[in-house]
Amino acid sequence: MAEIVPPVCARFHRAVELIGSRWTGAIIQTLLQGKTRYALLKGAIPDITDRMLSERLRSLEAEELVTRWVIADTPVRVEYELTDKGRELESALHEIGAWAERWIPLESVEHHDEVNHPDSRHAKSHRRSRLAKGA
């Protein structure tokens with residue numbers, strides 16, 4: 001006789017997919033420190049591209065987790081800040097961080113960074129294969 005496994009809660013699944021998107025946790029974690037200019041946000045997150053940061057910030061704005069502030073200055077400044085809804089993720093991200101401290105060995109993080117770093121042999125090889133295919 002087969003056991004019945006209840007379906008995953010739709011709200012839980014959507015929340016995990018939202019904050020689990022690549023770079024999103026790092027963006028939220030950085031914004032938990034307070035309102036931040038785009039350039040400082042980009043500098044705080046190693047290897048994120050302008051395109052990806054812009055896409056993630058737009059997505060977080062659409063989900064009402066982040067507010068975008070345009071400051072009429074010369075030059076114009078753009079700052080981002082978590083909404084109350086976004087700030088409520090702090091305890092969840094703290095728990096994920098604590099779990100990572102206990103269970104993610106530092107050497108696996110360093111290896112992951114090596115493999116994904118733009119200057120790594122793997123990344124160069126990947127770029128070459130994309131160039132060879134005309135991508």
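Remarks
- Listed conditions (1) open to solvent by less than 50 Å² (accessible area, probe 1.4 Å); (2) at pLDDT 95 or above; (3) within 13 Å of the chain's Cα centre (by Cα) are all met by L18, apart from (2).
- Inside segment 66-83, residues that are closer than 20 Å to K42 by Cα and open to solvent by 100 Å² or more (accessible area, probe 1.4 Å) make up a count of 3.
- When each of G86, G34 is tested for being open to solvent by less than 60 Å² (accessible area, probe 1.4 Å), at pLDDT 95 or above and on the phi > 0 side of the Ramachandran plot, the lone residue that passes is G34.
- Subset tally (residues that are under 23 Å from R11 (Cα atoms) and surrounded by 16 or more Cβ atoms within 10 Å (Cβ to Cβ)) for segment 37-58: 2
- The residue that is farthest from the chain's Cα centre (by Cα), counting only those in segment 51-83 that are at pLDDT 95 or above and basic (K, R), is R68.
The values are calculated or read from the model by the stated rules, or taken from the named source; none is laboratory data. All values reported here derive from a predicted model rather than from experimental measurement. Methodologically, a virtual Cβ is constructed for each residue, glycine included, from the backbone with ideal geometry; neighbour enumeration extends over all protein chains shown. Keep in mind that these areas ignore ligands, DNA and RNA; they rest on the heavy atoms of the full protein, side chains included. Shrake-Rupley method; radii C 1.70, N 1.55, O 1.52, S 1.80 Å.
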